[in-house]
Amino acid sequence: MNYLYRISNLEFAYKGEVSVFKDLNMVIPQQGITVITGKNGSGKTTLCRLLTGLASGYRGSILLKDRKLAELNLSSIMGEILYIKQDLQGNLMGITPSEDLKIWQNRYIDTDTEEKGRLRKEALSKLGIEDLQDKPLWELSYGQKRRSMLSVLPLFFDKYWIIDEPTASLDEKGIELLVTLIEKKREKSAGVLILTHRPGLFLKVTDGSFSITDGKIAGES
Amino acid sequence: MKSTLNTRTIIIIALALSSMVVIRQNITTQIGVIVIALILLALQNDRRAIFTRLTGRLKHFWIAFLAIMILQILFRRDGEIIFQFHILKITETGIYYGITVALRLINLILIAGLLFRISSAEYMLAFKAWHIPFEISFLITTVIRFIPDYYRLFIAYRETLYLRNIEIKKLSIKNKLSVLVALLIPVLTANLADVKTRSVALDLKGFRLYPQRTYLHETRLKAHDYLIQLLTMVVFLFVILVI
């Protein structure tokens, strides 16, 4: 099994606060859908932040494809990973969903093309919000904003996705569209890491799951 | 060790210290205030955590300290000349004021650190004890609460750029401005929405509905608070009037 992340003896605490992880060990495969569950405050989001290099100062080791994560810069990590945070605020840029995707695609260094515009429309339609593409973000509901955030996923199909609580504020249709997207990714033997309170929603696409309790892996299947 | 000082005492100390560093432009006062502020911060919080947080905060500002110090050194023309090259003139006074201004900025950040550790409820109780109208104290505490909110938002959006692999340093000025606009619009709209939510919450809580408010808690000054407040005033007057 090719692994994406190998986490060994991970210990982490926010400055001056109680520890989040104590001797956490896990291997996250490069292919397949991995689900991590855990109660509120168990450290799921912290784990995302550590895996993506947004948080540092941990003990133990995190390897990303045999390379020490601590030695990689954020740019090279983001070259392989697409991380969708849990918060709505701070995840969307620009004025409209379409502009947000345009920023993802061009990063202010590439020029926009008609093809990219077509891909944007397609991505928005996969989350059922193509008719909202030019609507100001502040006029969208929480669920619509969540869909807008997730619509970036189809644009980066080749990257490994890490999605933190993707179903928060999504309606049934939104969840169904997201699961369909993950199913397609799975068919192509690509990988996704989902951190959620509602693992049951992803049951039919889950290849492996972990449960975090008291800073350790309490269960694995 | 947790602070045993009353909020009112902390506010009085912060006011006195910040006034001293602004009024007395000498290195001795600035260093003295730094020492006092550090001691107070250590008393107010868990020492290790506060110093880690402070070094982090000061690290963000060191370029600003340095820039302001250099500007002072270069543009102060009075005093004994130490070095001169064409129009470039470095004087003793310039160096002195450069260091003083940098230290003053450090002081203001340290003093702000003292105030940020106080919760809005504690501020409310302190202002109530001073008989400041609730509308005014509410306004002040709201503003104080917004500052860390803005800081968190700034961090969140900096991360947004990282996650999108946007390296702002490598962008042209035009594109940097575009990034700024793209980031600011959601921040501003989010804040406007927040203001709306807060105003609704205020209405629901019956803000200003009754002429008098009741408070569940009350803070009382202890003997050491009176002593420290008195000592603060004496030191303040001594520094301002005598030194």
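Restricting the first residue to segment A:183-195 and requiring it to be among the acidic types (Asp, Glu), which pairs with a second residue that is open to solvent by less than 70 Å² (accessible area, probe 1.4 Å) meet a Cβ separation below 9 Å and a spacing of at least six or different chains?
Note: pairs meeting the criteria are A:183/A:33; A:183/A:205.
What single numbered condition from (1) within 30 Å of residue B:184 (Cα to Cα); (2) more than 14 Å from chain B (Cβ to nearest Cβ); (3) open to solvent by 60 Å² or more (accessible area, probe 1.4 Å) fails to hold for residue A:11?
If we test residue A:11 against (1) within 30 Å of residue B:184 (Cα to Cα); (2) more than 14 Å from chain B (Cβ to nearest Cβ); (3) open to solvent by 60 Å² or more (accessible area, probe 1.4 Å), just (1) comes out false.
Have a look at B:105, B:110, B:115, B:139 and point out the one that is assigned to a helix (DSSP H, G or I) and over 23 Å from residue B:29 (Cβ atoms).
B:139
State all residues of segment A:139-174 that are of a type in the set (Asp, Glu) and open to solvent by 60 Å² or more (accessible area, probe 1.4 Å); if no residue qualifies, say none.
Hits for segment A:139-174 are A:139, A:158, A:171, A:172.
On the given criteria, is residue B:98 more than 14 Å from chain A (Cβ to nearest Cβ) and free of Cβ contacts under 8 Å to residues at least 60 places away in the same chain?
When the stated conditions are applied, residue B:98 passes them.
Checking the condition open to solvent by 40 Å² or more (accessible area, probe 1.4 Å), away from chain B (no Cβ under 13 Å) and under 23 Å from residue B:159 (Cβ atoms), which residue from A:2, A:40 passes?
Selected residue: A:40, the only one of A:2, A:40 that is open to solvent by 40 Å² or more (accessible area, probe 1.4 Å), away from chain B (no Cβ under 13 Å) and under 23 Å from residue B:159 (Cβ atoms).
Can you tell me which residues in segment A:16-55 are among the β-branched types (Val, Ile, Thr), over 22 Å from residue A:202 (Cβ atoms) and out of contact with any Phe, Trp or Tyr (no Cβ under 7 Å at 6 or more places or on another chain)?
Going residue by residue through segment A:16-55, those that are among the β-branched types (Val, Ile, Thr) are A:18, A:20, A:27-28, A:33-37, A:45-46, A:52.
Keeping just the survivors that are over 22 Å from residue A:202 (Cβ atoms) gives A:18, A:20.
The answer is A:18, and nothing else.
Looking at segment A:120-133 only, could you name the residues that are under 22 Å from residue B:161 (Cα atoms) and more than 20 Å from the chain's Cα centre (by Cα)?
A:133 - this is the single residue of segment A:120-133 that is under 22 Å from residue B:161 (Cα atoms) and more than 20 Å from the chain's Cα centre (by Cα).
Kindly indicate which of A:16, A:53, A:90 is facing chain B (nearest Cβ under 10 Å), in a loop (DSSP other than H, G, I, E, B) and modelled with pLDDT of 90 or more.
One residue alone meets the criteria, A:53.
Can you tell me which residue among B:221, B:125, B:110, B:115 is open to solvent by less than 90 Å² (accessible area, probe 1.4 Å), in contact with a His (Cβ under 7 Å, 6 or more places away or on another chain) and touching a residue at least 40 places away in the same chain (Cβ under 8 Å)?
Just a single option satisfies the conditions, and that option is B:125.
Name every residue in segment B:23-45 that is within 16 Å of the chain's Cα centre (by Cα) and either surrounded by 18 or more Cβ atoms within 10 Å (Cβ to Cβ) or at pLDDT 90 or above (or both), in order of residue number.
Result: B:30, B:33, B:34, B:36, B:37, B:40, B:41, B:44.
How many of the residues making up segment B:182-217 are of a type in the set (Lys, Arg) and open to solvent by less than 80 Å² (accessible area, probe 1.4 Å)?
Taking segment B:182-217 and keeping what is of a type in the set (Lys, Arg), we get B:196, B:198, B:205, B:208, B:213.
Now drop any that are not open to solvent by less than 80 Å² (accessible area, probe 1.4 Å), which leaves B:198.
Looking only at that region, the number is 1.
Of B:136, B:118, B:147, B:155, which residue is touching a helix residue (DSSP H, G or I) at 6+ places or on another chain (Cβ under 6 Å) and among the aliphatic types (A, V, I, L, M)?
The conditions single out B:118.
Select from segment A:106-138 the residues that are within 14 Å of chain B (Cβ to nearest Cβ) and either surrounded by 11 or more Cβ atoms within 10 Å (Cβ to Cβ) or in contact with a His (Cβ under 9 Å, 6 or more places away or on another chain) (or both) and list them in ascending order.
Matches in segment A:106-138: A:106, A:107, A:108, A:109, A:112, A:135, A:136, A:137, A:138.
Among the candidates B:104, B:77, B:24, B:117, single out the residue that is within 14 Å of chain A (Cβ to nearest Cβ) and of a type outside the set (Val, Ile, Thr). Break it down stepwise before answering.
On the way: B:104 fails: within 14 Å of chain A (Cβ to nearest Cβ); B:77 fails: within 14 Å of chain A (Cβ to nearest Cβ); B:24 fails: within 14 Å of chain A (Cβ to nearest Cβ).
Going through B:104, B:77, B:24, B:117 in turn, the sole match is B:117.
Considering B:183, B:202, which residue is of a type outside the set (Asp, Glu), facing chain A (nearest Cβ under 10 Å) and more than 21 Å from residue B:57 (Cβ to Cβ)?
After applying the criteria, what remains is B:183.
Condition first: in a helix (DSSP H, G or I), farther than 17 Å from residue A:89 by Cβ and hydrophobic (A, V, I, L, M, F, W, C). Now tell me which residues in segment B:182-234 satisfy that.
Step one: filter segment B:182-234 for residues in a helix (DSSP H, G or I), giving B:182-204, B:223-234.
Remaining after also requiring farther than 17 Å from residue A:89 by Cβ: B:199-204, B:223-234.
Passing the criteria: B:200, B:201, B:202, B:204, B:223, B:227, B:228, B:230, B:231, B:233, B:234.
Based on this model, can you work out whether residue B:179 counts as among the β-branched types (Val, Ile, Thr), more than 30 Å from residue B:12 (Cβ to Cβ) and either modelled with pLDDT of 85 or more or open to solvent by less than 20 Å² (accessible area, probe 1.4 Å) (or both)?
Here the answer is yes, as residue B:179 does meet what is asked.
The values are calculated or read from the model by the stated rules, or taken from the named source; none is laboratory data. Note that this is a predicted model, so its numbers are computed, not measured. Cβ: placed from backbone, ideal geometry, glycine included. Neighbour counts: every protein chain shown. Accessible surface areas use protein heavy atoms only, side chains included; no ligands, DNA or RNA. Shrake-Rupley method; radii C 1.70, N 1.55, O 1.52, S 1.80 Å.
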